[in-house]
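So the structure is just underneath, and the comments pick up after that.
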Amino acid sequence: MKPWMIALLFATAFAATSANTQTPPSQQPATTPSGNADEGKKLFVSYGCYQCHGREAQGSSATGPRLGPRPIAFAAFNRYVRQPTGQMPPYTSKVVSDSDLANIYAFVQARPAPPPVQSIPLLK
């Protein structure tokens, strides 16, 4: 198995397991910095995050894991962005400032949940 496949499997499994254990954004720990979601959206695009994670942070099994809605806790998000273990390049504080990262997290946190499958007429 190729290294990128292993990283993709790990990232997908991590996203799937963490999605079930996360607290809603309104109940995130107090250590989550406040950020501006509108500014975060601009930064998400300018840093190229959308290229792997999609324009709405929805992710793809072919490129990068889902980030939102209901992202992992900020501490884990920060740790992974700064020192990723997969194919993602590291975004040190020299590249992405702490305030920019807080804004990106606010954008990811603000992503709305998708509608239930049963509510989509084409999928019935």
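Coordinate-derived values only; no laboratory data. In this text, all values refer to a predicted model and were calculated from it rather than measured experimentally. With ideal geometry, Cβ positions are generated from the backbone for all residues, glycine too; neighbour counts draw on all protein chains shown.
Protection proxy ranking, highest mean first, for peptides 57-66, 31-40: 57-66, 31-40, where packing is the per-residue count of other beta-carbon atoms within 10 Å, averaged.
Each residue of the range 107-122 was assigned a 3J(HN,Hα) from its phi angle through the Karplus curve 6.51 cos²θ - 1.76 cosθ + 1.60 (θ = phi - 60°); the sequence is 4, 4, 5, 7, 4, x, 5, x, x, x, 4, 5, 8, 9, x, 5 Hz, with glycine and proline shown as x. Sorted on the mean count of surrounding Cβ atoms within 10 Å across their residues, most packed first, peptides 84-92, 69-77, 45-53, 103-111 read 103-111, 69-77, 45-53, 84-92. Rounded to two decimals, the Cα-based Rg/Rh of the range 44-121, with Kirkwood Rh, is 1.00. Residues whose amide H comes within less than 5 Å of that of SER60, counting only those at least five positions distant or on another chain, are ARG66 (H built at 1.01 Å from N in the peptide plane). Residue by residue, the range 94-106 carries 3J(HN,Hα) couplings of 6, 8, 10, 5, 4, 5, 5, 5, 5, 5, 4, 4, 4 Hz when phi is fed to the Karplus relation 6.51 cos²θ - 1.76 cosθ + 1.60 (θ = phi - 60°); x denotes Gly or Pro.
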